[in-house]
Each structure stands twice: as C-alpha cells, then as structure tokens.
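Since the structure comes first, as structure tokens, the remarks are kept for the end.
The values are calculated or read from the model by the stated rules, or taken from the named source; none is laboratory data. None of the values given here were measured: they were computed from a predicted structure. For neighbour counting, all protein chains shown are included, and Cβ atoms are generated from backbone atoms with ideal geometry for every residue, glycine included. Calculation scope for accessible area: heavy atoms of the full protein, side chains included, ligands and nucleic acids excluded. Shrake-Rupley method; radii C 1.70, N 1.55, O 1.52, S 1.80 Å.
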Amino acid sequence: MGKPLVAVFSGAGMSTDSGIPDYRGPQGLWRREPDAEKLVTYAYYMADPDVRRRSWLMRAEIGALGARPNAAHLAVAELERGGTPVRVVTQNVDGLHQLAGMPARKVFELHGTARSVVCTSCHARSEMDEALARVAAGEPDPACRACGGILKAATVMFGERLDPQVLGHAMAVAKGCQVFIAVGSTLQVQPAASLAGMAAEAGARLIIVNAEETPYDSLADEVIREPIGTALPALLARIGS
Ligand SMILES: [Zn+2]
C-alpha cells in the first residue's frame, strides 16, 4: 500500500517555539505597534515614505531575532525525508519549513515570504538580507536597483490579494491529500482557513493541533491540544511508521 499524501497546514503557532510571537492575522507579528496595521497595508505603504522607513526598521528587528526551525518544523521535514509524500501549506512568512529541510517546491506560502523583497514596479525579487543591509548602511527606504521603484517585503500585505497560483496549489493539495493536519492556526483567516473544510469534504482525515478551539474542530477526526513542539513530532512519527 502506498503512503498517504500528508498535507501540513501551519499557522503562527507553528513558529512560537522559534521565538516568533503568535499574534493573529496575516501579518500578526506587526500588531504590537500602535498603528502597525499601516506598516503592512499596501496603500499606506506605497503612499508614505515614513511608513516604509518604519516598516524596514521593524523587518530589521524581526530579522535580528535570528529565528531557527523548531522540533515541529524538523519533524515535518523528517517525515518527508522518510518517504511519506508531504506538502506544506503555510500562513507563515518566516521560511522556517524550508530551513528545516522541506524542499521549497513542496511548500506553499499563502502570505508570501519575508525572506525576499519585491519591487512594486518591475517585480524584480531580491534577498531581504541585502535590503536590510542597505537600511543598516543608511538607506532608510531602499529603492529597486533595477528601476528605482518602491521595494517591499515579498509578503501579502493588507489590501493585496493572495497569489492566485499559490492559492490554487494549496486548494489542490487540500482536495488531493489523505491526511490534512492543521497546526498552530486558529483557522479564522479566510480563505486559508477554508482549506481544512475543503480537505474534510474531499474525504481526508482532518487532524487539528492547536491550543485553542477552532471553527473546524467539530469536523475533525482528531483534535490535539498538547504543545505543538511535542505533539506534532509524536503524531508524525505515528503517521510515518
Ligand atoms: Zn524595479
């Protein structure tokens, strides 16, 4: 018998053990700033150089956290290495699944990635580290080297649509998997959250690993409330054996 296709859907709770605070929302981390929402809202960002300057400073601060993959990220990558087909669909922008060893082509980042920057004019992509080095060197709002356009993190800001291609892949994974594990997500941000329902409807075994209740708990075959750092490795070891 072939091994089941396992979809791991991860939210902010997946990365709390890596030192990234768990705040709700597409860019939840930012909400600790008084008007933080402006820093990650496309229209404000594009209109106001001061918003951009503050946004880059926040990125630098987050980068300085030096977040590393935790036991849960490592367990997902290990399941994949062990021969079980795994796809990751994530609401996180931290890139920690890939750092843990998941092949990038098997990770679908619904809200983009904070490890890259993109030009809002010519769409050229480059490394976040390089942009932050320019900020540190005295360019408060570094412009695109190719065209002079406004640069932004390659994350989905408020007021921006999810990448339809990434969303399409995520939906295909949800509909095609045999096991759908939602980890560390309150499953309240749409359309991402609806993937859990889509998977259950298509006949997948739905497992929810989250500290708090989610709107999909009643649909789930299994709900696990233990800490993710221990619960997920144990669950995946069971699935992979
Ligand atoms: Zn450009």
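Computed values, structure above
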| item | result |
| --- | --- |
| Boolean, MET102 is of a type in the set (A, V, I, L, M), farther than 26 Å from GLU213 by Cβ, assigned by TED's automatic domain parsing to the domain that holds MET14 and more than 16 Å from the ligand (Cβ to nearest atom) | yes |
| Filter result for ALA114 (out of contact with any strand residue (DSSP E or B) (no Cβ under 7 Å at 6 or more places or on another chain), surrounded by 17 or more Cβ atoms within 10 Å (Cβ to Cβ) and modelled with pLDDT under 95) | no |
| Strands (runs of 3 or more DSSP E) completely within the stretch 141-216 that count 1 or more residues being among the polar types (S, T, N, Q) and under 27 Å from ASP17 (Cα atoms) | 151-155 |
| Members of the stretch 45-60 that are open to solvent by 70 Å² or more (accessible area, probe 1.4 Å) and under 23 Å from the mean Cα position of the chain (by Cα) | LEU57 |
| Of all residues in the stretch 148-176 being basic (Lys, Arg) and more than 14 Å from the ligand (Cβ to nearest atom), the one that is nearest to VAL51 (Cα to Cα) | ARG161 |
| The stretch 117-147, residues that are away from the ligand (no atom under 12 Å from the Cβ) and closer than 19 Å to GLY66 by Cα | GLU127, MET128, ASP129, GLU130, ALA131, LEU132, ALA133, ARG134, VAL135, ALA136 |
| Residue in the stretch 198-213 that is modelled with pLDDT of 95 or more and closer than 30 Å to ALA47 by Cβ present | no |
| Some residue of the stretch 178-194 being of a type in the set (Gly, Ala, Ser), more than 21 Å from LEU232 (Cβ to Cβ) and open to solvent by 50 Å² or more (accessible area, probe 1.4 Å) | no |
